[in-house]
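The structure's right below; bear with me while I get my questions together.
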Amino acid sequence: MLKGYIDAAEKRMEQELLLAHNIQDAALPKNFTFSHTGFEIFATMNPAREVGGDFYDFFFVDKNKIALVIADVSDKGVPASLFMMRSKTAIRGLAEAGVKPEEIFYRVNNELCEGNELNMFVTVWMGIIDLNTGDMRCLNAGHEYPTLKRKNGDYEILKDKHRLPLGAMKDMTYTGYDLQLDPGDCLYVYTDGVPDAININEEQYGIERMLKALNIYSDASMEGLLRAVKSDLDDFAGEADQFDDITMIGFRFNGLQEDQ
C-alpha cells in the first residue's frame, strides 16, 4: 500500500512538473515572423530541468520600437520558474506602458525585493531599438556581456556597463547606455549556460569557443546561427549532463525599408 501511495505521489509530481514546463514554455514568444521588415530575430531556451529560471522576450513598445530582453534567475527548478514569470511579466508590463528603461529596472528591482525570503535575484539585459534609426537604449543588470557584429566584421564581446541583478538590493538605480546599429549589424545575447557548459573532462565551452562558432556561421540566418551554436555546444559537451539553462537571442538590424 505504501509503495502505491509513493508511486501515485511521484506520478502527480511528474504531471505537475510537465504542466509547469508547458506553462513556462507557452510564456516565451515563438513567432519570429513580422510584417515589419526592418529586423530579423530568433530565440531559444533549453532548460536544464523540467522548468528553468532563464527567459527571453521581445515585443513592440510602439509601432517602430522593439524591446529585447534576456534574463537568468539565480536558482533552478520551480521556485526559479515562478520568480522568472514574475520578473518577465513586470518588465514587459512597464515597457509596454512606455516607462523608460532605467525606471523599469528600478521599479522591477524593488518589486522583486519585496517578499523575497529565498533571496533570489535575476540578471537581465534589455535593449529597446528604434527600427527607423537604429538607436538602441540598453541596460545590463549583472548579466553576461552581449556580443555585437558590425556588418562587415566579426562577433565581438561588448563590455557594457553592469549594475547589480534585479532583486539583489532595494532602491538600486540603473544607468543605461546607447548603442547605434547600422543596417547589417547583429546582436547575439545569451545566458551563462552557454559559456559555462562543460564536457566530461570538466572543461568549459567558454567565450572563445562561442565567438568562434558565431563567426563561422555569421552569414547564416538568425535561426541558423543559434542552431549552429547550440549544435557546436552539444558536440563539445558530449555525454556530460546539462547543468544550467541555455538561452540565446539573435537579432539582425536591416534598417528602414522603403515600404515602412
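Scan the stretch 218-257 for residues that are of a type outside the set (D, E) and part of a helix (DSSP H, G or I) and jot them down.
Selection gives M222, G224, L225, L226, R227, A228, V229, K230, S231, L233, F236, A237.
Do you know which of the residues in the stretch 139-161 that are outside any strand (DSSP E or B) and in contact with a Phe, Trp or Tyr (Cβ under 7 Å, 6 or more places away or on another chain) is nearest to E117 (Cα to Cα)?
H143
Please count how many residues of the stretch 221-248 are of a type in the set (S, T, Y) and free of Cβ contacts under 8 Å to residues at least 24 places away in the same chain.
The number of residues fulfilling the criteria is 1.
Taking the options L181, L211, L166, name whichever one is of a type in the set (A, V, I, L, M) and under 22 Å from L112 (Cβ atoms).
One residue alone meets the criteria, L166.
Of (1) buried (at least 21 other Cβ atoms within 10 Å of the Cβ); (2) more than 23 Å from D232 (Cβ to Cβ); (3) touching a Leu at 6+ places or on another chain (Cβ under 7 Å), M172 satisfies all except one. Which?
(1)
Here are some residues: E114, E144. Which one is among the acidic types (D, E) and buried (at least 21 other Cβ atoms within 10 Å of the Cβ)?
Result of the check over E114, E144: E144.
Could you grab me the full set of residues in the stretch 43-91 that are surrounded by 18 or more Cβ atoms within 10 Å (Cβ to Cβ), more than 20 Å from G167 (Cα to Cα) and among the aromatic types (F, W, Y)?
Of everything in the stretch 43-91, just one residue is surrounded by 18 or more Cβ atoms within 10 Å (Cβ to Cβ), more than 20 Å from G167 (Cα to Cα) and among the aromatic types (F, W, Y), namely F58.
Further question: Restricting to the stretch 162-195, and then to whatever is part of a loop (DSSP other than H, G, I, E, B) and among the hydroxyl-bearing types (S, T, Y), can you tell me which residue is farthest from V69 (Cα to Cα)?
T173
Mind listing just one residue for me: the one in the stretch 196-213 that is in contact with an Asp or Glu (Cβ under 8 Å, 6 or more places away or on another chain) and part of a loop (DSSP other than H, G, I, E, B) and, of those, farthest from F105 (Cα to Cα)?
Once the filter is applied, the top-ranked residue is I200.
We did not get these values from a lab; they are worked out from the coordinates using the rules stated. These figures come from a predicted structure and were not determined experimentally. Positions of Cβ are generated from backbone atoms using ideal geometry, with glycine treated the same way; all protein chains shown enter the neighbour counts.
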